[in-house]
Structures are given as structure tokens and as C-alpha cells.
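Chemist: Provided herewith is a single structure, encoded as C-alpha cells, for subsequent inquiry.
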Amino acid sequence: MMPLSMANAGEIVSIKKIAGTDEVRQHLFELGFVTGEEVSIVNKNGGNLIINVKDSRIALDKTLANRIFI
């Protein structure tokens, strides 16, 4: 497993685990980041990511991206 922030632009990856406090995990769940979900990396800029998840584009900073493991 590695953090989502390590994925490259254009990759399609599957979420294996979400770490962090209950509030952080709930916030990511509400955005569509759930275990088993496939997401694609649209763009990567200095550790910040734009991700396609469930037909939505979500921007994540490096801190949140490091809590999602693929």
C-alpha cells in the first residue's frame, strides 16, 4: 500500500484504506472516497491532486491525499 499522493497523473487506482480521525474519514466518505472505489488521477501539482471519483472532480491537498491508501 502507498498513499494516493504517490500516484501519477493518468493512473486509475483502487482505494485500499482510509486513515485519519473519524471526522477526516467521514469527510472523505462524503466526497466519495470509500474502500474499493476506483479513482483516477487527473492532475498532480506539487503533491496536490485533482481526482475523478464517482463522476466528480475533487481537489485534494497533500495532507488529505496522504490519508488515502491505494
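None of the figures in this text is laboratory data; all of them are computed from the coordinates on show. Only a predicted model underlies this, so the values are computations on that prediction, with no experimental measurement involved. With ideal geometry, Cβ positions are generated from the backbone for all residues, glycine too; neighbour counts draw on all protein chains shown.
Chemist: Per DSSP H run of n ≥ 4, the term is -39500 (n - 2.57); total these for the chain, divide by its residue number, and report the mean residue ellipticity at 222 nm rounded to 500 deg cm²/dmol.
Modeler: Taken over the chain, the calculation gives -5000 deg cm²/dmol.
Chemist: Cβ under 9 Å from M1's Cβ, M1 left aside: what net charge do those residues give with Lys, Arg +1 and Asp, Glu -1?
Modeler: Computed value for this residue: +2.
Chemist: Hey, another quick one. With a sphere of radius 12 Å drawn around the Cβ of V34, what net charge do the other residues whose Cβ falls strictly inside it have (Lys, Arg +1; Asp, Glu -1)?
Modeler: +1
Chemist: Turning to a different aspect of this structure: In degrees from 0 to 90, rounded to the nearest 10, what is the angle of the helix 22-31 Cα long axis to the longest principal axis of the chain?
Modeler: Approximately 50 degrees, to the nearest ten.
Chemist: For the chain, what is the relative contact order in percent, using Cα pairs closer than 8 Å and at least 6 residues apart in sequence?
Modeler: 43 percent
Chemist: May I pose another question? Between A7, F33, T21, whose Cα lies farthest towards the positive end of the dipole of the chain when Lys and Arg beta carbons carry +1 and Asp and Glu beta carbons carry -1, centred on the Cα centre?
Modeler: A7
Chemist: Around V42, which amide H atoms from residues at least 5 apart in sequence, or from another chain, sit under 5 Å from its own amide H, with H modelled in the peptide plane?
Modeler: Those lying under 5 Å, H to H, from V42 are G10, I50, I51, N52.
Chemist: Could you work out how far apart the two model spin labels at Q26 and N52 are, taking each label as a point 7 Å from the Cα in the direction of the beta carbon, and quote it in nm?
Modeler: 3.1 nm
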